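Have a look at the structure below before the remarks.
Just so it is clear, none of the values below were taken in a lab; they were calculated from the coordinates. Computed from a predicted structure; not experimentally measured. Here Cβ is always computed from backbone atoms with ideal geometry, including for glycine, and neighbour counts include all displayed protein chains.
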Amino acid sequence: MRSVRGRSVVGIASECGGVGGGSVLPSEWLSIRILFGVMVGLQDQVPSAQELTGRWKEDRVDDIDRALVRCLQEDAGQSYAVLGAAVGLSAGATHERVRKLRERGVIRRTTVDVDPAAVGIGVLAYVMVDSNAWMGDSGAAFEGIAEIQEAHVIAGSASVLVKVRTASTEQLQDVLRRLYAIEGVSGTHATVVLDTFFERPLPL
């Protein structure tokens, strides 16, 4: 006899007036059996404390994960052996850690840091975009302008902040023109960067 939190189906039925002793009609008894089946099914779906603890351990980013991500932000081309030596793990254990970080979306992608001036894209500008409508659904329109590196919906007088890199101020002007063509945009305020002190990775 299966039970739900220590109560058997007979006990549940007894609380409702007995089992087949005249107090419960056949149709009511059938309903009790169906209810019992649903309760057991729901109980089987509830994860145990051990399962929940295991999932939490899988999802959390611990100190070793943070150290690995710091190393990868500095140089994503390092071998697993070198990464492992930096955090006190074997190459195999490091590979497994990094794989799980990718699966969980902690590491979204691996890329390279290119010197913009070396490839002829030396003009950097931040542009505040004003609007006369909600711009939260316009991400694809901003993404369609190749020179925009980042686009953020912001609070304040402007609606969107974009980071733009171009080869010349003339190209920057063309980007501003294309920004105006996005539905809802009513104005732009561009700030051209003269020099960059530093750009750093996430402070883990």
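Listed values, structure above:
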| item | result |
| --- | --- |
| Leading residue by the ranking (surrounded by the fewest Cβ atoms within 10 Å (Cβ to Cβ)) among those in the range 100-115 that are under 10 Å from ASP65 (Cβ atoms) and either without any contact (Cβ under 8 Å) to a residue 24 or more places away in the chain or of a type in the set (A, V, I, L, M) (or both) | VAL106 |
| Matching residues, the range 152-192, being touching a residue at least 40 places away in the same chain (Cβ under 8 Å), in a loop (DSSP other than H, G, I, E, B) and either surrounded by 12 or more Cβ atoms within 10 Å (Cβ to Cβ) or basic (Lys, Arg) (or both) | ALA167, SER168, ILE182, GLY184 |
| Search result, residues across the range 127-151 that are among the small types (Gly, Ala, Ser), exposed (fewer than 15 other Cβ atoms within 10 Å of the Cβ) and touching a residue at least 24 places away in the same chain (Cβ under 8 Å) | ALA133 |
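Let's see how each residue does on (1) within 17 Å of ASP130 (Cα to Cα); (2) touching a Ser or Thr at 6+ places or on another chain (Cβ under 9 Å):
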position	(1), (2)
ALA146	no, no
SER159	yes, yes
VAL164	yes, no
THR169	no, no
ARG177	yes, no
TYR180	yes, yes
GLU183	yes, yes
VAL192	no, yes
